[in-house]
Amino acid sequence: MNRSAVWHPFTQHAVEPDMPCVARTGGAYLETADGRRILDAISSWWVVTHGHRHPAIVEAIRSTAATLDQIIFAGFTHEPAERLATALTTLAPEELDWVFYSDSGSTSVEVALKMALGYFHNSRAARSRIVVMEHSYHGDTIGTMSVGARGVFNAAYEPLLFEVDTIPFPVAGREQETLDRLEGLVRDRKAAALIVEPLVLGAGGMLMYPAWVLAELKRITEASGTLFIADEVMTGWGRTGTLFACEQAGISPDILCTSKGLTGGSIPLAATLATEAVFRAHYSRDRSRTFFHSSSYTANPIACAAALANIEVWRSEPVMKRIAALSRMQAERAASFRGDRRFADVRCTGTIAAFDLHVESSGYLAEIGPKLRAFFLGRHLLVRPLGNVVYVLPPYCVTADELDQLYDAIDEAASLVEAAA
Ligand code: PLP
């Protein structure tokens, strides 16, 4: 191949080794052009749920493409979008009656923030502050970086980021500090919304907190009329053990963002679900109250058909059973690392397991990250640690033997890290 012209995401090309070229995908595997089969232990950045190229989803894409391609979604509608919206409002937590389509996790969050601001603007209430949780990640656009953790990822863009109020991550045993801080921040009724990743903060290091804290966060926002935005871009579609993580706290957010697993991880699509109240605030004969957001590829019919096929897979196959079995296997294998001095922390929520390795310097840019990635790739495993945090977030078709292979490799990697310390 001649020199590539591709500028890859989150990639420092000056130090990146040659990249495998993936020629085919299937189930839990990526197959490279040079014949390697690589086990996808992170579901290709957390998108693939059932497995790569689920036949029913592939067929829905193929057959829809025969009759529909992109159509303008203002002033027009189409059946896949209509059917999908109905299905989503049935599946999502109660009270989320409206579905606004976009095309990535970041845009679904941008839409959520704009809905929250539009809600108060149109209600003539001077509320525009956003409350966020420490260590959160909500995307890489200017708006979503503003509500995410500040650090090396966004230092260059800091002058453009807007100010937010931050509640501490609810560290085990100190949850009340988080709740008290939120109470304090929403008391003056200046906050428009709290945005959180429910139960698991993904890119922030697979940090986990219990459902009762999520329920308390919702209670506090509700009492002060602050909107509650659940960013379920990563946690949705079964990752935490239930279809949406919010279910475990028995809460229904005012706005919910979903993407990644929405199409089973096959093609891009996102949706922001909102309550009747949020919709009503934009509903008026006064056209200045319109929700002014669109993107060219909004509600792409092929992507909507893929999402409908994904939902049909959830209905017709024992997906919840697979998730329960995978969650059990993860918990059992992770338990074998508990109390092991090579690990600073071992944790699981649903199908996600994460392990912090004891290292001198931690954080995303820790030298250990790329070394571990290379180590795993050498064993034909796609594991992409977040600095010193190694995590396993596989598609639901992964087998017990494949998990054993992964855990053996993590065991070996932890020993090498310890020996090198
Ligand atoms: N929100 C959360 C919780 C995420 O984990 C991500 C991506 O990892 C995003 C938003 C952004 O999604 P996308 O990369 O599709 O823009």
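Residues in the range 164-181 that are within 26 Å of LEU113 (Cβ to Cβ) and of a type in the set (D, E, K, R): ASP165, GLU175, GLU177, ASP180, ARG181.
Within the option set ALA191, ALA149, ALA230, being within 16 Å of the ligand (Cβ to nearest atom) and either at pLDDT below 95 or crowded, with 24+ Cβ neighbours inside 10 Å (or both) holds for one residue only, ALA230. Filtering the range 350-392 to residues that are part of a loop (DSSP other than H, G, I, E, B), hydrophobic (A, V, I, L, M, F, W, C) and touching a Lys or Arg at 6+ places or on another chain (Cβ under 9 Å) leaves only VAL383. Just so you know, in the range 66-114 the residues that are of a type in the set (Ser, Thr, Tyr) and touching a strand residue (DSSP E or B) at 6+ places or on another chain (Cβ under 9 Å) include one that is nearest to VAL147 (Cα to Cα), and it is SER106. Determine, yes or no, whether TYR137 is under 30 Å from GLY205 (Cα atoms), under 20 Å from the mean Cα position of the chain (by Cα) and assigned to a strand (DSSP E or B). Judged against the criteria, TYR137 is not a match.
Only one of the listed residues (ARG53, ARG37, ARG127) is of a type outside the set (A, V, I, L, M) and surrounded by fewer than 16 Cβ atoms within 10 Å (Cβ to Cβ). That residue is ARG37. Is it true that some residue in the range 79-94 is in contact (Cβ under 8 Å) with a residue 40 or more places away in the chain, surrounded by fewer than 14 Cβ atoms within 10 Å (Cβ to Cβ), part of a loop (DSSP other than H, G, I, E, B) and on the phi < 0 side of the Ramachandran plot? Yes, that holds for at least one residue.
So that you can scan it fast, the table gives a plain yes or no per residue for (1) of a type in the set (Val, Ile, Thr); (2) surrounded by fewer than 18 Cβ atoms within 10 Å (Cβ to Cβ); (3) not assigned by TED's automatic domain parsing to the domain that holds LEU201:
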residue: ALA366; (1), (2), (3): no, no, yes
residue: PRO394; (1), (2), (3): no, no, yes
residue: VAL398; (1), (2), (3): yes, no, yes
residue: GLN405; (1), (2), (3): no, yes, yes
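Determine whether the range 339-349 contains at least one residue that is in a helix (DSSP H, G or I) and crowded, with 19+ Cβ neighbours inside 10 Å. Checked the range 339-349: no residue is in a helix (DSSP H, G or I) and crowded, with 19+ Cβ neighbours inside 10 Å.
When every residue of the range 39-58 is checked against the conditions, at least one turns out to be outside any loop (DSSP other than H, G, I, E, B), touching a His at 6+ places or on another chain (Cβ under 8 Å), modelled with pLDDT of 95 or more and within 16 Å of the ligand (Cβ to nearest atom). Taking the listed residues SER336, SER361, the one that is surrounded by fewer than 19 Cβ atoms within 10 Å (Cβ to Cβ) and closer than 21 Å to SER136 by Cα is SER361, with no other qualifying. Among residues of the range 96-121 that are assigned by TED's automatic domain parsing to the domain that holds LEU256, those with a Cβ under 9 angstrom from a residue that is acidic (Asp, Glu) and within 16 Å of the ligand (Cβ to nearest atom), sequence gap 6+ or separate chain, pair up as SER102/GLU110; GLY105/ASP231; SER106/ASP140; SER108/ASP231; VAL109/ASP231; ALA112/ASP231. Being without any contact (Cβ under 8 Å) to a residue 24 or more places away in the chain, more than 30 Å from ARG280 (Cβ to Cβ) and either within 16 Å of the ligand (Cβ to nearest atom) or among the basic types (Lys, Arg) (or both): is that true of ARG3 here? Yes; evaluated as a whole, the condition is true for this residue. Just one of the listed residues (PRO20, PRO9) is part of a loop (DSSP other than H, G, I, E, B) and crowded, with 16+ Cβ neighbours inside 10 Å, and it is PRO20.
Yes/no per residue for (1) under 21 Å from the mean Cα position of the chain (by Cα); (2) not hydrophobic (A, V, I, L, M, F, W, C):
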{"residue": "LEU160", "(1), (2)": "no, no"}
{"residue": "THR178", "(1), (2)": "no, yes"}
{"residue": "ILE195", "(1), (2)": "yes, no"}
{"residue": "LEU214", "(1), (2)": "yes, no"}
{"residue": "SER252", "(1), (2)": "yes, yes"}
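The values are calculated or read from the model by the stated rules, or taken from the named source; none is laboratory data. Values in this document were obtained by computation on a predicted structure and should not be read as measured data. Methodologically, a virtual Cβ is constructed for each residue, glycine included, from the backbone with ideal geometry; neighbour enumeration extends over all protein chains shown.
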